Amino acid sequence: MAGGENGDISCQELVELVTDYLEAALPEADRARFEAHLAECPHCEEYVAQIRQTIDVVGELTAEMISLERRQQLLEAFHGWRGAPETPAPRNGHGARGTKRA
């Protein structure tokens, strides 16, 4: 995993890895760096707490629980996200959702 000085991860990298972290799919070394970042970054700590809360509230949503019309709307909304260019970083030094950039 790429990172900052001393192998630290950035807030952006943490956001990209949060799913693997919560699913216990990160290699041990990456998990240690992830948790070290959380210990020093209250913004990312809050972000991970919000993601956990979202998972708890939503629970498991299966495709069968979504109407065909709604499923099509979701697919259209997310179409092209992978190929979309990244949004430039705000000038205030914070990334998405107020996370502090390294």
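Computed quantities for the displayed model
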quantity	calculated
Cα-based Rg of region 1-69 normalised by 2.2 N^0.38 Å, two decimals	1.33
Likely footprinting exposure, LEU26, LEU68, fewest C-beta neighbours within 10 Å first	LEU68, LEU26
Relative exposure of ILE55, ILE9, judged by other C-beta atoms within 10 Å (fewest first)	ILE55, ILE9
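Any read-out appearing in this document is the output of simple, stated calculations on the displayed coordinates, not a laboratory observation. Bear in mind the structure is a predicted one, so any value in this text is a computation, not a measurement. Note that each Cβ is placed from the backbone with ideal geometry, even for glycine, and that neighbours are counted across all protein chains shown.
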